[in-house]
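Would you mind keeping the following structure in view while I ask a few things?
What follows draws every value from the coordinates through simple rules; no lab data is involved. All figures in this text were calculated on a predicted structure; none of them were measured in a lab. Ideal geometry is used to build each Cβ from the backbone, glycine not excepted, and the neighbour counts take in all protein chains shown.
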Ligand code: ATP
Ligand code: MG
């Protein structure tokens, strides 16, 4: 059983052109003990999906359809009020994008932890603080000093690590991290992700890590999901997807990442630009304009995300073998 089952999730934002989907009909499972990496270019809908998992899509946005079933919690999209506040942070730990700025500037980190504990009716606040101190120490911080500090006394990288401590401290079973290491240099990035992996393993969490750095995530995730234009276009076991990408977009993303291909010369940026809400294709495949494999049907019929091999899904009209053997970055065929 999966800890988290996302089904048919559609999230819309109100724009001058009306309500438009930033996430369309997304389905995803997060299983206990597995880290799923979610990658895709800027604007593909990763953060919107993460916010929807916590029923925290800000106005002018709304969950237009679908469900997010979390074990022991129920359908998060149906929760409100106190139940929702308890689920957020309690059952589901999270770090939102750019959340290094979301600490309260007027009070110390330690007091904010106590507030968090009280709002979640934690009986043993002393144990909560001890756990936070230990997690902070493991993140390479001086735990006690951090607890006594105000936000302005800490660097962006320190705040980011504290954000992860907050996400973990209530013993959530599900962990959602949106760009958790962007304020960190490469070395601290790797060590923070290693610690996330350790805590994840110790507690058999179900973890989703969002990043546009496919190289960084490839070191620690078990599964990989790829988003484009609001759609999940491919997913599967991480190493298998990296070795055998069967969606042209996945293939192009990997080809553009020297850290994976090991070949800086050959790494080529994906030509063209990702779509936004107003420019994304309404009919057919969202990737067809940039796709070197596109054929006539791609302009007319939207491909469904379907299982083509055990554990592997893809949303593409072109045969997997054709994508696998073809050359990414070649000029469009049509
Ligand atoms: P990034 O890698 O830059 O963080 P992302 O994959 O997280 O990008 P989202 O932030 O989820 O992408 O945005 C998805 C789409 O929704 C984008 O086209 C974005 O412009 C649009 N969008 C996001 N927030 C809003 C909003 N509040 N109102 C209108 N459109 C929005
Ligand atoms: Mg984002």
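Just from its helices, what would the mean residue ellipticity at 222 nm be for the chain, if runs of 4 or more DSSP H residues each count -39500 (n - 2.57) and the sum is divided by every residue, rounded to the nearest 500 deg cm²/dmol?
Helices in the chain give a 222 nm mean residue ellipticity of -9000 deg cm²/dmol.
Turning to a different aspect of this structure: Which of 120, 247, 152, 317 comes first, and how do the rest follow, when ranked by fewest Cβ neighbours within 10 Å?
152, 120, 317, 247
Kindly express, to the nearest 10 degrees and within the range 0 to 90, the angle between helix 186-203's C-alpha long axis and the longest C-alpha principal axis of the chain.
80
Compute the acute angle (0 to 90°) between the alpha-carbon long axis of helix 125-138 and the principal axis of greatest extent of the alpha-carbon atoms of the chain; round to the nearest 10°.
So the helix axis and the longest Cα principal axis differ by about 50 degrees.
Give, in nm to one decimal, the length gained when the segment between residue 115 and residue 71 is fully stretched (0.36 nm per residue of separation minus the Cα-Cα distance).
Taking residue 115 through residue 71 to full extension adds about 13.3 nm, to one decimal.
What is the extension gain from residue 212 to residue 150, computed as 0.36 nm multiplied by their sequence separation minus the C-alpha to C-alpha distance, in nm to one decimal?
Extra length available between residue 212 and residue 150 comes to 19.3 nm.
Put a dot 7 Å past each Cα toward the Cβ at residue 106 and residue 239; how far apart are the dots in nm?
Taking the simple label geometry, residue 239 and residue 106 are separated by 5.2 nm.
With a cut-off of 8 Å between alpha carbons and a minimum separation of six or more residues, what is the relative contact order of the chain in percent?
Reported relative contact order: 20 percent.
Something else about it: Where does each of 178, 115 land when they are ranked from fewest to most other beta-carbon atoms within 10 angstrom?
The order, fewest Cβ neighbours first, is 115, 178.
Another question, then. Where does each of 246, 10 land when they are ranked from fewest to most other beta-carbon atoms within 10 angstrom?
10, 246
Using DSSP, restrict attention to beta bridges with both residues in the chain and report what percent are antiparallel, rounded to the nearest 5.
Just about 65 percent of them are antiparallel.
Starting from the Cα of residue 319, step 7 Å toward the Cβ, then list every residue of the stretch 286-301 with an amide N under 19 Å from that point.
Those under the cut-off are 292-298.
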